[in-house]
Amino acid sequence: MESEQAKQIMGRIVAALREERLMSRYALAKRAGVDCSWLRRFEQGRSGVRVETLICIAQGLQMPASRIVDLIEMALCGTPACPESRTEPHAERDRQQCGNPAACKGAGLR
């Protein structure tokens, strides 16, 4: 899995979550305590993100960071997103049903 592809996936997921909440990029940047131009680059897949910053973004979106990580993991593995709450047995089932086991193995998910 190329890191550029992972950046694009992460950015698209955060942008979709923000838009789902009808939140402007400026509003999320302010709530998360990040620079708006950085957030734009991140959502466009042109900038990476630190774990601490991803947690701030999740707080700005009023959701657990683990949900964002789950969505990223599923996108990287090619597993469709599941509306059920993410419990560990459920996450394990998703890993077992992963449509792209090589990507999961490369990402340390298997």
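Among the GluC sites (Glu not before Pro) in the stretch 1-50, those placed in a DSSP loop whose Cβ has at most 16 other Cβ atoms within 10 Å are Glu2. Projected label points at Ala16 and Asp35, each 7 Å from Cα along the beta carbon direction, are separated by 2.8 nanometres. Just to confirm the filter: which trypsin sites (Lys or Arg not before Pro) across the stretch 9-63 are DSSP coil and have at most 14 other Cβ within 10 angstrom of their Cβ? Those satisfying the criteria are Arg21, Arg46, Arg50. For Thr79, nonlocal amide neighbours, meaning residues 5 or more places apart or on other chains whose placed amide H falls under 5 Å from its own, are Gly99.
Read the figures in this text as sums done on the coordinates, not as results from a lab. All values reported here derive from a predicted model rather than from experimental measurement. Backbone-built Cβ (ideal geometry, glycine too); neighbour counts: all protein chains shown.
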